[in-house]
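The values are calculated or read from the model by the stated rules, or taken from the named source; none is laboratory data. Note that the structure is a prediction, hence the values are computed from the model and not measured. Neighbour counts run over all protein chains shown; Cβ positions are idealised from the backbone, glycine included. When the accessible area is computed, the model is the full protein with side chains, heavy atoms only, and any ligands, DNA or RNA have been set aside. Shrake-Rupley method; radii C 1.70, N 1.55, O 1.52, S 1.80 Å.
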Amino acid sequence: AEDIQSMLIDNFHFQQDNIVLLKNEEATKTSILQEFSNITKKAGENDRVLIFFAGHGMTGDLPSGGELGYLIPVDGNIQDLYLSSIGMDELEKVSKITNAKHMLYLVDACYGGISIYQPRGADYKQTSNNYIKKITKGISRQIITAGGRGEMTIEKSEWGHSAFTKNLLSGLRDWMADADSDGIITVQELGTFLKKKVTIDSDNRQTPKTRNLTTDEGEFVFVYAEN
């Protein structure tokens, strides 16, 4: 999380004052939900919000036969997921009630059971200025997860990170996810990069997934910032 924070500030000129870092004992369910609430109150209609979570995820079965994913905070109890954890439907709810124009969740956890919409296909050959203006004009609510139900997030000491975060930093900080070298990385480009690289690094044990949380067709983009 600290490296993601540094990348956002150094490479994309996110303002330090706009970043909230919750780690270790600070990352309780109450603290996380409080920051979600702050987003719904503070984010303006031309703002964009990025939420990064690294931790454990679990999937619970529903009586109807479906499933629901949960993020486990530091004080979470896997024996009582509803009470102590954060259901993935909470992320969807936050994305719907905030005024932010673009919202992206980057979740370094594996789980299933979230209501999603398939993103439209991206044509990287059309990433002209007009194309970028078009996809950033609309609202976006997107999520990239480290893997699905039954998968485990793979970490190695030599990486210093999980496979997902390692490649997230490589894709954005080192600009490796810019498939067409146009100086812009869309969520679809980033998702495609992560899907390939993480699957390889984890020996096919986890495959990231890119989804839309709503039917909105805008796009969260990363633009290379000259220092």
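Computed values, structure above
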{"read-out": "J(HN,Hα) series, the range 24-37, from Karplus relation 6.51 cos²θ - 1.76 cosθ + 1.60, nearest Hz, glycine and proline x", "value": "6, 5, 6, 8, 7, 4, 4, 5, 5, 5, 5, 5, 4, 4"}
{"read-out": "Spin-label model distance (nm) - Val74 vs Tyr224, 7 Å beyond Cα toward Cβ", "value": "3.8 nm"}
{"read-out": "Efficiency of FRET from Cβ geometry, Ser64 and Asp3, R₀ 35 Å, rounded to 0.05", "value": "0.30"}
{"read-out": "Helix-only CD estimate at 222 nm, as mean residue ellipticity for the chain, using -39500 (n - 2.57) per DSSP H run (n ≥ 4)", "value": "-9500 deg cm²/dmol"}
{"read-out": "Portion, in percent, of the accessible area of the range 131-191 that falls on carbon or sulfur, probe 1.4 Å", "value": "50 percent"}
{"read-out": "Folded to 0 to 90 degrees: helix 187-201 orientation relative to the chain principal axis, Cα", "value": "60 degrees"}
{"read-out": "With Cα atoms, 0 to 90° folded angle of helix 163-172 axis to the chain main axis", "value": "20 degrees"}
{"read-out": "DSSP bridge orientation in the chain - percent antiparallel, rounded to nearest 5", "value": "55 percent"}
{"read-out": "Longest to shortest principal axis, alpha-carbon extents of the chain, angstrom", "value": "50, 41, 36"}
{"read-out": "Listed residues Asp216, Asp174 arranged by accessible area, highest first, probe 1.4 Å", "value": "Asp174, Asp216"}
{"read-out": "Whole-number accessible area per residue in Å² for the chain, which is evaluated in the context of all protein chains at 1.4 Å", "value": "53 Å²"}
